[in-house]
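Below: one structure, written as structure tokens.
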């Protein structure tokens, strides 16, 4: 036994104990809750036991989370998880991100929201508590099983977050594991630089809160099918569905904001598989919520309502499977490789089977074969809209699942080479339909609507939308028919909802949650169309050198080279690469954006400083910098920078020299100036160089260097022949200001026409250029405002549904 | 015919359309020799960078052209040309996945995905970082 120094083993042991306790109590809670709802819907002793164990489970889980935070905060690198995801140099504000970077931490985050929601439901679910909490406890048991880290017959169940660094399988044979003082020199692996961003502190908890909230309608739906209470569950589940729409929508959009702010793919949405798999459950939850609305009074499409409600949560598990199992592998930039694929598949399949079982055992009879909704009724068109949403979700899921399809059917399809145009070709037409439906469906009445008054009432919005769309298409030169149609339909959605909000709700924010949410969605679509559809690349390569190798495609000139001090035209700006600053592990490149005033002088508009985050272990990460105006963003990022020799000493070192054959009158371009070979001087004396003592003959080359700003420097490299000793010297002569030195390279023959010259520049000269990209996103603020408005609208409607339910309960009690 | 039937038929038609579009837009995994048989088609090739040969990138001449030699999983070597800036740390890459088309004896990539080993735990598969670069179309 080795006596290791400085390890804090107690915390981990308590943590492991709490995992076991939390796991067991979630199973007990499930069993007791199940028992209780087998008996009756009223409170009984089984239910009390269920509650008790769910609370024990909750407290134990909070303890696990607290301990892991404590270990990360105290840099306890004796624990693998802490070592893997954090380091002592990491700023405290990113400790939260370390916590959920790994698979175990993100599982705990999800389970955390389930205990929050579960405990609220214990208080509020009333007669539904038994069934709903059975489902909640079962999900928690699956989560906790992923933290167990035990072996049953050589099969690993779960991965323990408290495993010690020296006991981790990756470290077993490494020498440090037998050094009792290893903690003195172990430093953490650190957090992925991409995650060191404030959005990554708030985006994961929000997305997981959204994921967790899809479980509430799921649990209500299962209980309803189980207890054959096909109708009254909607009233209870509805507020949760719209709360989920709001919070999951917020989380997804925060992910987009993170991509826009911190990733360099130049946009907020790239149809990346991980993005897609969080979007799809949201789309289905929106569809499910709307079906609940039209079925709360009349059970016309109850089977579909159940199906979509159950599907939303199943898609959340599927999404976790895609991102955590590593199956996306080569197709996604940000998938985690270290998952537990087997356990995730069991988790997924279990709930699919559960849903199928209840849906077909008890729900089959709900398929309505006779009655049909009237064509001009609200419920009919809401139903059509949910179908459009389902198609949208189906298409995204299908294309995102290519690696899964390959795994199941043994095919070898690769994901679409151009994902953006692939997804857009489907999603743009569907979005046109959705925005149009959003614009007109709420003017319809339930049951039956007269057509003529309807047309009259939406005419102003249609006319306004046509005018706005034509105007915008003209200003931004949008020429694609589908985009023009989308422009119209999104304007129509906006105007029509504003109109409805004023005419029908009389501007009451409290009542108009749905209208506000729809208005926000319209703005979101409009904003993404205007900004992503009309992104203007201003960093066009204007140099004459442009090698086209491919005649089918236009030359790619989105990138531009900037030499330090240069001013380059990027319509409508002139951009100067001012300076490079190194602060800690960040290398900033200051770019001044200038405009010409009436007298032809440069006037500075603003400075952008895109930067590169240096990270030896995980690779350097370039991050953009953006200037926000109310109606456009100017976005820049570095696509290439020389990051070698960044420290000051090596900056001052000379690189290897180039030897050039030159003639008098030649000029040579170097990084910061033009070198002109003026003349050959035959009789130079000691006034030119100290080595020219007696008995030595000097041959000099008069060189002038002119910088781009017009400064000139003179210098004279020499060939010095020592006649007495029969030796030749070629000393370096330097222009210090320019960081360049020369030496006369010809030593054998005295040729006056052609001379060999050696030129060397300092490292700092060569590193003084970057390749950058500058994009203008017009009206991107419409998108962000739309997001906020939509989320607020969803929360308002969730709140309204809670109020509605309370009123109803009160009436019933009277 | 009832509305439900019409809706059902439309739905099935759209679903089939989505499946066909996914299959037809999907690129194909292949090696260089297959890519050359299918010249002009979008292909994904998985392989490694040949570190013995030069990686050519002269941003001062053209910031948007970058080329290197890559070995596919059968060991066949081709010159790969990419219209875009060289991804950071490209030299360190352990595995490269390129998407593009074969043109004569060259491969024109419009997307590069690479995996780099992280320095601390060299050789462990979970220490990979992935970087993508898109050509600027």
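Residues that are more than 26 Å from the chain's Cα centre (by Cα) and within 12 Å of chain B (Cβ to nearest Cβ) number at least 3 in the following helices (runs of 4 or more DSSP H) confined to segment A:340-430: A:378-400. Reported count of residues in segment A:353-396, each being exposed (fewer than 15 other Cβ atoms within 10 Å of the Cβ) and under 30 Å from residue A:138 (Cβ atoms), is 8.
Here B:43, B:98 are screened, and the one residue that is touching a helix residue (DSSP H, G or I) at 6+ places or on another chain (Cβ under 8 Å) and either away from chain A (no Cβ under 12 Å) or crowded, with 17+ Cβ neighbours inside 10 Å (or both) is B:43. Screening the candidates A:728, A:770 for the property of being within 14 Å of another protein chain (Cβ to nearest Cβ), in contact with a strand residue (DSSP E or B) (Cβ under 6 Å, 6 or more places away or on another chain) and either part of a loop (DSSP other than H, G, I, E, B) or modelled with pLDDT under 85 (or both) yields one hit, A:770. The single condition among (1) over 13 Å from the mean Cα position of the chain (by Cα); (2) touching a residue at least 40 places away in the same chain (Cβ under 8 Å) that residue B:4 does not meet is (2). For first residues located in segment A:2-14 and in contact (Cβ under 8 Å) with a residue 40 or more places away in the chain, partners that are assigned to a helix (DSSP H, G or I) and crowded, with 17+ Cβ neighbours inside 10 Å and lie 6+ apart or on another chain with Cβ distances below 7 Å form the pairs A:5/A:183; A:6/A:183; A:7/A:183; A:11/A:67; A:11/A:71; A:14/A:67.
Going by what's in this entry, would residue A:687 be described as surrounded by fewer than 14 Cβ atoms within 10 Å (Cβ to Cβ) and either under 60 Å from the mean Cα position of the chain (by Cα) or without any contact (Cβ under 8 Å) to a residue 60 or more places away in the chain (or both)?
Taking the combined requirement at face value, the residue satisfies it.
Looking at segment A:556-566, which of its residues are in a strand (DSSP E or B) and surrounded by fewer than 17 Cβ atoms within 10 Å (Cβ to Cβ)? Residue satisfying the conditions is A:563 alone.
Selection of segment B:21-34 for residues being closer than 19 Å to residue B:104 by Cβ and either within 12 Å of another protein chain (Cβ to nearest Cβ) or part of a strand (DSSP E or B) (or both) yields B:30, B:31, B:34. Considering segment B:80-94, the residues that are more than 7 Å from every other protein chain (Cβ to nearest Cβ), under 14 Å from the mean Cα position of the chain (by Cα) and not in a loop (DSSP other than H, G, I, E, B) include one that is modelled with the lowest pLDDT, namely B:82. Within segment B:9-40, the residues that satisfy the criterion of being exposed (fewer than 12 other Cβ atoms within 10 Å of the Cβ) and out of contact with any strand residue (DSSP E or B) (no Cβ under 8 Å at 6 or more places or on another chain) are B:9, B:12, B:13, B:16, B:20, B:24, B:37.
So, in segment B:52-75, of the ones that are crowded, with 16+ Cβ neighbours inside 10 Å and not in a strand (DSSP E or B), which residue ends up farthest from the other protein chains (Cβ to nearest Cβ)? Ranking the qualifying residues of segment B:52-75, first place goes to B:57.
As for segment A:647-660, it holds no residue that is without any contact (Cβ under 8 Å) to a residue 24 or more places away in the chain and either in contact with a helix residue (DSSP H, G or I) (Cβ under 7 Å, 6 or more places away or on another chain) or more than 30 Å from residue A:621 (Cβ to Cβ) (or both).
Here is a yes/no grid of residues against (1) assigned to a helix (DSSP H, G or I); (2) in contact with a strand residue (DSSP E or B) (Cβ under 7 Å, 6 or more places away or on another chain); (3) modelled with pLDDT of 95 or more; (4) buried (at least 18 other Cβ atoms within 10 Å of the Cβ):
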site: A:502; (1), (2), (3), (4): yes, no, no, no
site: A:506; (1), (2), (3), (4): no, no, no, no
site: A:509; (1), (2), (3), (4): no, no, no, no
site: A:514; (1), (2), (3), (4): yes, no, no, yes
site: A:521; (1), (2), (3), (4): yes, no, yes, yes
site: A:530; (1), (2), (3), (4): yes, yes, no, yes
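Per the conditions (1) part of a loop (DSSP other than H, G, I, E, B); (2) loosely packed, with under 15 Cβ neighbours inside 10 Å, the sole criterion not satisfied by residue A:148 is (2).
One line per residue, one yes/no per condition, for (1) more than 30 Å from residue A:425 (Cβ to Cβ); (2) out of contact with any helix residue (DSSP H, G or I) (no Cβ under 6 Å at 6 or more places or on another chain); (3) surrounded by 19 or more Cβ atoms within 10 Å (Cβ to Cβ):
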residue: A:179; (1), (2), (3): yes, yes, no
residue: A:194; (1), (2), (3): no, yes, yes
residue: A:219; (1), (2), (3): yes, no, yes
residue: A:251; (1), (2), (3): no, no, yes
residue: A:276; (1), (2), (3): no, no, yes
residue: A:279; (1), (2), (3): no, no, yes
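The values are calculated or read from the model by the stated rules, or taken from the named source; none is laboratory data. Computed from a predicted model, the values in this text were never measured in an experiment. All Cβ positions, even for glycine, are placed from backbone atoms using ideal geometry, and neighbour counts span all protein chains on display.
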